[in-house]
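**Q** Below you will find the structure I want to go over with you.
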Amino acid sequence: MRKYGRRLLYALAGVMLLLALFMLTCRDFLYTRVYPVFKRYEGLRIQRELDDYKLLDDGGFIIRYTDGDEASALKLRDIANEYGGCVSDFFGISREEPVEIILFPHETILKGMLRIPQDQSAMGAYAGGRINLLSPNRFVDINQDIDSFDNVFVHEYAHLAADDLARGNYPIWFTEGCALYLEYDVLGYEWGSDLMDEDLSHITVDDLTYRFASVDEYKAYRASFLIVRGLVEGYGKMNLTGMLDKLGKGVSFEQALAEVYGLNTSELQGFLKSQKND
């Protein structure tokens, strides 16, 4: 009996080892299959809290807003129709379903709904397959120019478009770099332009990938923008969307980078070293 017991234990250990190796090597593939389920669940969770929100539906965009904020909803509809197509065209996406946007009346409600720490500032966030924005009526409360509402919409819509392609399979810095680049491409706004003369080459891609929250936030976002801008301007936007598409098929970031650009992650730092020469 002991002999058979040992054989069974060895067999189980072998199966567990094979399963662990499979999950490790196929991690990105499995993630892209599971992620849409979690995204849909999160979207439904948010929607359940919006029963008292009004609806503005123009076919391409569905905007949910609270009583008394109709003017902001109409302003958002105009912004979405002016810039939404530019973002969609850049990423080459064509959505069959309208884009859902939620206008929150207070920053505390937005952060509470999206589980953002209350000590962090938030003008918008992409979550649950939806664009979530703070009403521009509240921008004065957080010392923000109302004109930046255009930027917030473009930024969050870029997150949505990139997520449609990559199915959540990307490091945070990469999707933030894409969103910042769309602000630059569509609106002519360059994040962190005051850091143009500063050498950021001490920030590594590993720092951005594994320690993004620990790096100086302003510099981390600037570095992310510079890398994505370098990829687009050096290799074309089709390669960027091609990489997002590979990520969405479950290819790891490192492998997709090598297949599309012929680069490894350490070589991306070259875009930071060349900043002074732009």
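**Q** Look at the stretch 45-56 and say how many of its residues are in contact (Cβ under 8 Å) with a residue 40 or more places away in the chain and closer than 18 Å to Ser135 by Cβ.
**A** 4
**Q** Also, I was wondering about something else. Please find, among Leu200, Leu134, the residue that is in contact (Cβ under 8 Å) with a residue 60 or more places away in the chain and either crowded, with 17+ Cβ neighbours inside 10 Å or of a type in the set (Val, Ile, Thr) (or both).
**A** On the way: Leu134 fails: in contact (Cβ under 8 Å) with a residue 60 or more places away in the chain.
Unique residue meeting the criteria: Leu200.
**Q** Further question: Tally the residues that are closer than 25 Å to Asp164 by Cα and outside any helix (DSSP H, G or I), restricting the search to the stretch 97-116.
**A** Count: 10.
So that you can scan it fast, the table gives a plain yes or no per residue for (1) modelled with pLDDT of 90 or more; (2) aromatic (Phe, Trp, Tyr); (3) touching a Leu at 6+ places or on another chain (Cβ under 6 Å):
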| site | (1), (2), (3) |
| --- | --- |
| Phe90 | yes, yes, no |
| Val99 | yes, no, no |
| Leu103 | yes, no, yes |
| Lys111 | yes, no, no |
| Gln120 | no, no, no |
| Asp145 | no, no, no |
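**Q** Turning to a different aspect of this structure: Between Glu176, Glu190, Glu267, Glu259, which is over 26 Å from Ala80 (Cα atoms), of a type in the set (Asp, Glu) and modelled with pLDDT of 95 or more?
**A** None of the others qualify; the one that does is Glu259.
**Q** Specify the residue that is nearest to Ile93 (Cα to Cα); the eligible residues are those in the stretch 223-277 that are among the aromatic types (Phe, Trp, Tyr) and more than 20 Å from the chain's Cα centre (by Cα).
**A** Tyr235
**Q** Give the number of residues within the stretch 99-116 that are free of Cβ contacts under 8 Å to residues at least 24 places away in the same chain, surrounded by fewer than 17 Cβ atoms within 10 Å (Cβ to Cβ) and not hydrophobic (A, V, I, L, M, F, W, C).
**A** Adding up the residues that qualify gives 3.
**Q** Of the conditions (1) over 22 Å from Asn239 (Cα atoms); (2) outside the structural domain of Arg77 (by TED's automatic domain parsing); (3) buried (at least 22 other Cβ atoms within 10 Å of the Cβ), Ala223 clears all except one; give me its number.
**A** In the conditions (1) over 22 Å from Asn239 (Cα atoms); (2) outside the structural domain of Arg77 (by TED's automatic domain parsing); (3) buried (at least 22 other Cβ atoms within 10 Å of the Cβ), Ala223 misses (1) alone.
**Q** Quick one: Thr265 ticks every box in (1) touching an Asp or Glu at 6+ places or on another chain (Cβ under 9 Å); (2) loosely packed, with under 15 Cβ neighbours inside 10 Å; (3) of a type in the set (S, T, N, Q) except a single one, so which number is it?
**A** Checking Thr265 against (1) touching an Asp or Glu at 6+ places or on another chain (Cβ under 9 Å); (2) loosely packed, with under 15 Cβ neighbours inside 10 Å; (3) of a type in the set (S, T, N, Q), the one that fails is (2).
**Q** Can you confirm whether the stretch 175-190 contains a residue that is farther than 18 Å from His159 by Cβ, part of a helix (DSSP H, G or I) and not assigned by TED's automatic domain parsing to the domain that holds Ser94?
**A** So in the stretch 175-190, the residues farther than 18 Å from His159 by Cβ come out as 188, 190.
Remaining after also requiring part of a helix (DSSP H, G or I): none.
Checked against the condition, which is being farther than 18 Å from His159 by Cβ, part of a helix (DSSP H, G or I) and not assigned by TED's automatic domain parsing to the domain that holds Ser94, the stretch 175-190 yields no hits at all.
**Q** Return the only residue of Asp141, Asp119 being free of Cβ contacts under 8 Å to residues at least 60 places away in the same chain, surrounded by fewer than 17 Cβ atoms within 10 Å (Cβ to Cβ) and assigned to a loop (DSSP other than H, G, I, E, B). Steps first, answer last, please.
**A** Working: Asp141 fails: assigned to a loop (DSSP other than H, G, I, E, B).
Being free of Cβ contacts under 8 Å to residues at least 60 places away in the same chain, surrounded by fewer than 17 Cβ atoms within 10 Å (Cβ to Cβ) and assigned to a loop (DSSP other than H, G, I, E, B) holds for just one of Asp141, Asp119, which is Asp119.
**Q** Name the residues in the stretch 52-95 that are of a type outside the set (A, V, I, L, M, F, W, C), part of a strand (DSSP E or B) and surrounded by 20 or more Cβ atoms within 10 Å (Cβ to Cβ), would you?
**A** Scanning the stretch 52-95 gives Arg64, Tyr65.
The values are calculated or read from the model by the stated rules, or taken from the named source; none is laboratory data. This one's a predicted model, so the numbers in the text were calculated from it and none came from an experiment. In this analysis, Cβ positions are derived from the backbone assuming ideal geometry, glycine residues included, and neighbour counts consider all displayed protein chains.
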